Amino acid sequence: MNFEDLIRDVYQKIKNIDDKGEMASYIPELSKVNPKNFGVHISTIKKVNFGMGNYNGKFSIQSITKVLSLILAYRIVGDEIWDRVGVEPSGTAFNSLVQLEADKGIPRNPFLNAGAIVVSDILLSNLKNPKEDFIDFVRSISNNKALEYSNKIAQSEKDVGYRNVALCNFIKSFGKIENEPSDVLDFYFDLCSLEMSCKELSELFLFLANNGLGVHNNKSILSESQSKRINALMQTCGFYDESGEFAFKVGLPGKSGVGGGIIAIHPNQYAIAVWSPKLNKKGNSHKGMKFLEEFTTRSELSIF
Ligand code: GLN
């Protein structure tokens, strides 16, 4: 498979489609990003690294960070994590409150805001310096010291994060948050503000295509079974109430963020990152989804 040629072709085709999405204006700082940005980068196990468009431009990875916080918490507390957060697709929007009442403060999965807030709480209880320890962990995965949070984005979300405040307090009312909600939320907003380029994202996530082993150093980040489980969760829950659609059209485990980024994994093959800021109604990158659909269709490679 010549991934370079394929990416070149698909990029040219998708670049000019009508970009029907909307910017994530509910976080004011995100609406300042140029909507025309479009980048893609692939990193393969066989060491192909190739990008098109603005693949070096940094953007706010937002909910993609939920995969990284889950992985760190999973490493620390192991399977106990599944007592606090489920592994079922919710069929609801990323910021939904509705199921928490019936489920008594146990979020359906770790990629909903509710689930990621619980994971943030677990990390707060287990890390000495949560903000520094988390970024150190993320930097260590791909040996990339250039990764940083954005204080501007975190503050912008904090100023208007009323739904997340509601979610965290609601879960706390069931006794399922250990720390002070304001501390949990500050940490959650910091995690979501992490900035990366498509190139950095695909390099960082490549270990999930490599059974949990770092590709640059062969060090274990997750066990084989844990890595399989993270991919399974990305497959079933990574796109909220559009997870079925993503599996149907793209056929790979993946995760989106409201900054317009998507990371997708082909186990034993590659990690691919796409960025285009305009989002569809489900909060997933419109062009990013189209790119990946065309890419896996044309490559005739998916996990199915
Ligand atoms: N920080 C965002 C929020 O909590 C993350 C949502 C997303 O990327 N889907 O609303």
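The values are calculated or read from the model by the stated rules, or taken from the named source; none is laboratory data. What you see is a predicted model; the values in this text were computed from it and never measured. Neighbour counts are summed over all protein chains in view; Cβ atoms, including those assigned to glycine, are modelled from backbone coordinates with ideal geometry. For accessibility, only protein heavy atoms count, side chains too; no ligands or nucleic acids. Shrake-Rupley method; radii C 1.70, N 1.55, O 1.52, S 1.80 Å.
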Per residue of the stretch 169-181, in order, report the coupling 6.51 cos²θ - 1.76 cosθ + 1.60 (Karplus, θ = phi - 60°) as ³J(HN,Hα) in whole Hz, putting x for Gly and Pro. 5, 4, 5, 4, 5, 8, x, 9, 10, 8, 9, 5, x
Largest to smallest principal axis extent of the C-alpha atoms in the stretch 1-142, angstrom: 48, 34, 30
Collect residues whose amide H, placed 1.01 Å from N in the peptide plane, falls under 5 Å from the amide H of Ser285; neighbours closer than 5 in sequence don't count. Gly257, Asn280
Name the chymotrypsin sites (Phe, Trp or Tyr not before Pro) in the stretch 135-214 that are in a loop by DSSP and that have at most 14 other C-beta atoms within 10 Å, would you? Phe174
Quick check on the stretch 252-293: what does the Kirkwood estimate of hydrodynamic radius come out to from the alpha carbon pairs, in Å? 10.1 Å
Helix 224-237 sits off the longest principal axis of the Cα atoms of the chain, rounded to the nearest 10 on a 0 to 90 degree scale, by 90 degrees
Treat every Asp and Glu Cβ in the chain as -1 and every Lys and Arg Cβ as +1, leave all other atoms uncharged, and give the resulting dipole magnitude about the Cα centre to the nearest 20 debye. 620 debye
Apply the a/c threshold of 1.5 to the C-alpha gyration tensor of the stretch 137-195 and tell me whether it is rounded, prolate or oblate. oblate
Using 0.36 nm per residue of separation minus the Cα-Cα distance, give me the extension gain between Asn218 and Glu80 in nm, one decimal. 47.0 nm
Treating only the Cβ of Lys, Arg, Asp and Glu as charged (+1, +1, -1, -1), what charge dipole size does the stretch 240-304 show about its Cα centre? Round to the nearest 20 debye. 220 debye
Which FRET efficiency value, to the nearest 0.05, is calculated for Asp133 and Glu178 with the Förster distance at 25 angstrom and r the Cβ-Cβ distance? 0.90
For the stretch 1-84, shape from the Cα gyration tensor axes a ≥ b ≥ c, cut at a/c of 1.5 then a/b versus b/c, turns out oblate
Can you pull the accessible area of Lys290 for me, 1.4 Å probe, Å² to the nearest 10? 80 Å²
Estimated dipole of the stretch 10-118 in Debye, rounded to 20 [Cβ of Lys and Arg +1, of Asp and Glu -1, Cα centre]: 640 debye
Report ³J(HN,Hα) in whole Hz for each residue of the stretch 39-49, in order, from the Karplus equation J = 6.51 cos²θ - 1.76 cosθ + 1.60 where θ = phi - 60°; Gly and Pro get x. x, 8, 8, 10, 10, 10, 4, 7, 6, 7, 10
For the chain, the charge dipole (Cβ of Lys, Arg +1; Cβ of Asp, Glu -1; about the Cα centre) points to a positive end, and the Cα of Val98, Ile141, Pro277 closest to that extreme belongs to Pro277
Convert each backbone phi in the stretch 139-149 into a coupling constant with the Karplus relation 6.51 cos²θ - 1.76 cosθ + 1.60 (shift: θ = phi - 60°), then list the ³J(HN,Hα) values in order as whole Hz, x for Gly and Pro. 4, 5, 4, 10, 6, 10, 6, 7, 7, 9, 7
What accessible area per residue, rounded to a whole number of Å², is obtained for the chain using a probe radius of 1.4 Å? 41 Å²
What pairs in Lys13/Lys278; Lys36/Lys131; Lys32/Lys128; Lys172/Lys255 have C-alpha atoms more than 25 Å from each other? Lys36/Lys131; Lys32/Lys128; Lys172/Lys255
In units of 2.2 N^0.38 Å, what is the alpha-carbon radius of gyration of the chain? 0.92
Provide the packing ranking of 99-105, 237-243, i.e. peptides ordered by the mean count of other C-beta atoms within 10 Å per residue, highest first. 237-243, 99-105
Rg to Rh quotient for the stretch 224-298, alpha carbon positions, Kirkwood Rh: 0.95
